[in-house]
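Take a look at the structure below.
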C-alpha cells in the first residue's frame with residue numbers, strides 16, 4: 001500500500017498535528033520564494049506569516065487611492081502657493097520664512113505621495129511625473145494669488161492668519 005508523502009512524515013513525528021486557523025477571505029502568497037516545497041510544487045503551501053489577506057480590498061481600490069492622492073495633493077499645493085504669495089506681499093522676510101517652512105513640510109509629504117502612487121499601481125516614471133505635475137499647482141496658486149491679491153490687499157491678513 002502506497003503511503004502519501006505527508007503521511008510518511010507523520011509516522012516519524014510523535015507530536016499531535018496542529019490545527020490551522022481558517023481564514024474566510026482569499027489568501028495568496030506574495031512571491032514564488034514564499035511557496036513551500038521545491039520537490040512537490042503541486043503541494044506547495046505559503047509559509048507561515050507570509051500571507052496576504054486581501055479579502056477586504058476590492059479589485060480597483062488601489063487605482064482610486066492614487067487618484068484621490070493626486071487630487072488632494074494638487075489642491076494642497078495650490079493653497080500652499082496662495083499662502084506663499086500672500087506672505088511675500090506682506091513682507092519679503094515673512095515670504096522667505098513661509099516658503100522655507102512649506103518646502104520643509106512638502107518634501108516628506110511628496111515622498112509619501114510618491115510611495116502611495118507606486119503602491120496604487122503607477123510605474124516609477126509615471127508616479128514621478130504625476131507628482132511633479134501636482135507640485136506645479138504651487139506655482140499656479142502663487143501666481144494667481146499674486147495677481148488677484150494686488151487688487152484685494154485687504155484679504156492678505158486673513159490669508160496669513162489661515163497659514
**Item:** Calculated FRET efficiency for the pair residue 132/residue 93, C-beta based, R₀ 35 Å, to 0.05
**Value:** 0.75
**Neighbour-count ranking [beta-carbon atoms within 10 angstrom, fewest first] of 140, 71, 79** = 71, 140, 79
**Message:** As a footprinting exposure proxy, order 135, 123 by other Cβ within 10 Å, with the fewest listed first.
**Reply:** 123, 135
**Asked** Using the beta-carbon distance between residue 162 and residue 71 and R0 = 25 Å, what value does 1/(1 + (r/R0)^6) give for FRET efficiency, to the nearest 0.05?
**Response** 0.75
**Asked** Order of 76, 119 from fewest to most other C-beta atoms within 10 Å?
**Response** 119, 76
**Prompt:** Taking the Cα centre of each part, how many Å lie between the stretch 102-120 and the stretch 71-93?
**Reply:** 18
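Computed from the coordinates by the stated procedures, all read-outs in this text should not be read as laboratory data. In this text the structure is predicted, and so the values were computed from the model without any measurement. Glycine gets a Cβ as well: all are built from the backbone with ideal geometry, and neighbour counts include every protein chain shown.
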